[in-house]
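The values are calculated or read from the model by the stated rules, or taken from the named source; none is laboratory data. Source: prediction; values computed, not measured. Here the Cβ positions follow ideal geometry from the backbone for every residue, glycine too, while neighbour counts run over all protein chains shown.
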Amino acid sequence: MPSDVESSSQQTALHRSRAAVAAIRTRNLRPIAHWVPGTRIGQSSWPAAGRPLSKARLTASWNYWWQAHLLDLLVDAARLGDAAAGREARSLIRGILIRNTGRWTNSYYDDMAWLALAVERADRVIDGSRHHRGLRILTGVLHDAWQPELGGGIPWRTTDHFFNVPANGPAGIFLARRGRVERAVATADWIAETMVLPSGLIADGFWLEPDGSHRYINTVFTYCQGVTLGLDAECFRLTGRTSHLDRIEALLAAVEERCTDDGVVKGAGGGDGGLFAGILARNLALLATDLPATGHGDLRRRIEAVRARAGALVLTSAAAAWANRATVDGLPVFGADWSTPAAVPSADGQASAFIGGAVRSASSPERDLSVQLSGAILIAAAASVTLGSPEHTVSVTPG
């Protein structure tokens with residue numbers, strides 16, 4: 001029987017998560033072109049660019065991978081008991097397909113991996129969500145993109161030879177969940193062999209040069225740490241191999257030391273960077289709820305310590321983000337940096353824009369859907385940790 005304190009903390013976590021989702025539902029979730037029935041799409045800015053039905057609004061950037069994380073958030077909400085979220089998730093998948101001209105694929109493997117992850121979760125969690133054909137297509141595309149003869153891994157984009165963690169991490173997690181465990185393990189091994197920096201953190205990726213050499217991009221992004229932790233968590237859950245736990249422990253220690261301030265995950269501004277911290281938070285929550293707390297003796301103590309440390313980062317970050325939120329009409333506005341007070345965005349200044357393969361921040365980062373999604377993903381992750389609500393129900397017993 002839960003204590004009154006436990007019950008109160010769980011109710012608070014659920015209330016905050018529902019408020020965060022309600023904010024995005026109210027401000028950003030719209031039918032395609034504001035009228036196509038049975039569809040939803042995530043408006044990239046709030047306040048939106050231009051007047052209703054203006055060219056500026058109708059042609060605003062839609063950012064495929066942001067939509068995937070919006071779908072993931074709606075799946076989170078459905079798991080946590082939001083009755084409307086399942087229906088909205090199905091409508092969003094229809095909207096994404098229509099906006100993407102009826103195709104499940106595009107020219108970016110990382111985009112496809114993020115959407116694949118979200119659709120797989122939707123079909124697993126939400127009644128009436130059935131996208132077998134799309135998942136078969138995405139499974140085949142991501143599995144067949146593996147290019148060991150070029151040093152990969154899978155590339156970032158179909159048209160170049162940049163092999164990076166933001167494509168391989170989510171693709172590996174998805175393939176693990178689709179039963180392609182051998183490829184998921186190979187992906188985790190590839191990251192461990194090619195991307196670990198002297199700091200213990202994970203690099204972005206490398207370009208394959210014409211002479212066959214690798215030109216590394218050693219920039220550290222929080223979401224690279226997140227998907228690497230998530231991939232090793234899935235591999236450990238499915239194989240029980242302690243090499244994956246070893247990697248998780250080492251990377252988690254580096255994240256604690258270098259990617260947080262006083263236990264709060266660092267932000268990365270707006271635009272695409274707005275999502276980075278939320279992705280790390282989601283995967284930290286996966287460690288806290290799904291790392292199989294079985295085994296015996298020292299192994300069990302190690303697993304329990306990782307679960308506790310990962311959960312603490314999520315809860316500390318969520319408390320900071322909530323304390324520093326702004327409010328509009330009683331609903332939260334999150335900042336790009338969870339450690340500092342958020343500002344209420346206005347329609348003045350520049351909205352986010354897709355430039356050179358990435359999305360540039362709005363003049364006010366809080367205006368970007370990515371920033372608000374990241375905050376809401378964090379708050380949902382904290383609810384999952386507080387409630388002890390796992391992503392999966394079956395794991396192997398570690399050896």
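Restrict the check to the range 253-276 and report whether at least one residue is free of Cβ contacts under 8 Å to residues at least 40 places away in the same chain and assigned to a loop (DSSP other than H, G, I, E, B). Scanning the range 253-276, I find no residue that is free of Cβ contacts under 8 Å to residues at least 40 places away in the same chain and assigned to a loop (DSSP other than H, G, I, E, B), so the answer is no.
Of the residues making up the range 230-243, those that are at negative phi and surrounded by fewer than 24 Cβ atoms within 10 Å (Cβ to Cβ) are ARG237, LEU238, THR239, ARG241, THR242, SER243. Conditions first: (1) touching a Ser or Thr at 6+ places or on another chain (Cβ under 9 Å); (2) β-branched (Val, Ile, Thr); (3) in a helix (DSSP H, G or I). ILE377 passes all but one, so which condition is the exception? Result: ILE377 passes all but (1).
Just for the range 165-209: of the residues that are in contact with an Asp or Glu (Cβ under 7 Å, 6 or more places away or on another chain) and of a type in the set (Gly, Ala, Ser), which one is farthest from THR105 (Cα to Cα)? Among those that are in contact with an Asp or Glu (Cβ under 7 Å, 6 or more places away or on another chain) and of a type in the set (Gly, Ala, Ser), it is ALA188. Where residues in the range 380-392 are part of a helix (DSSP H, G or I) and under 18 Å from the mean Cα position of the chain (by Cα), which of them is nearest to ALA23 (Cα to Cα)? Across the range 380-392, the extreme among qualifying residues is ALA380. Of all residues in the range 179-199, those that are within 15 Å of GLU234 (Cα to Cα) and charged (D, E, K, R) have Cβ atoms under 6 Å from Cβ atoms of residues that are crowded, with 18+ Cβ neighbours inside 10 Å and at pLDDT 95 or above, 6 or more apart or on another chain, in ARG183/LEU175.
SER91 satisfies every condition listed in (1) over 19 Å from ALA376 (Cβ atoms); (2) modelled with pLDDT of 95 or more; (3) surrounded by fewer than 21 Cβ atoms within 10 Å (Cβ to Cβ) except (1).
Per-residue answers, yes or no, for (1) charged (D, E, K, R); (2) in contact (Cβ under 8 Å) with a residue 40 or more places away in the chain; (3) in contact with a Cys (Cβ under 8 Å, 6 or more places away or on another chain):
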site: ARG301; (1), (2), (3): yes, no, no
site: LEU313; (1), (2), (3): no, yes, no
site: THR327; (1), (2), (3): no, no, no
site: LEU331; (1), (2), (3): no, yes, no
site: ALA343; (1), (2), (3): no, no, no
site: LEU373; (1), (2), (3): no, yes, no
site: GLU391; (1), (2), (3): yes, yes, no
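Does the range 226-233 contain any residue that is part of a helix (DSSP H, G or I) and in contact with a strand residue (DSSP E or B) (Cβ under 7 Å, 6 or more places away or on another chain)? Yes, there is a match, as at least one residue in the range 226-233 is part of a helix (DSSP H, G or I) and in contact with a strand residue (DSSP E or B) (Cβ under 7 Å, 6 or more places away or on another chain).
For the range 266-287, the set of residues classified as surrounded by fewer than 24 Cβ atoms within 10 Å (Cβ to Cβ) and touching a Cys at 6+ places or on another chain (Cβ under 8 Å) consists of LYS266 only.
Could you pull out the residue among SER395, SER374, SER370, SER389 that is in contact with a Lys or Arg (Cβ under 8 Å, 6 or more places away or on another chain) and modelled with pLDDT of 85 or more? That would be SER389, the only listed residue that is in contact with a Lys or Arg (Cβ under 8 Å, 6 or more places away or on another chain) and modelled with pLDDT of 85 or more.
In the range 279-289 there is at least one residue that is in a helix (DSSP H, G or I), closer than 18 Å to SER361 by Cβ and either under 18 Å from the mean Cα position of the chain (by Cα) or not aliphatic (A, V, I, L, M) (or both). Checking the range 290-297 against the condition returns a match, with at least one residue being surrounded by fewer than 18 Cβ atoms within 10 Å (Cβ to Cβ) and in a helix (DSSP H, G or I).
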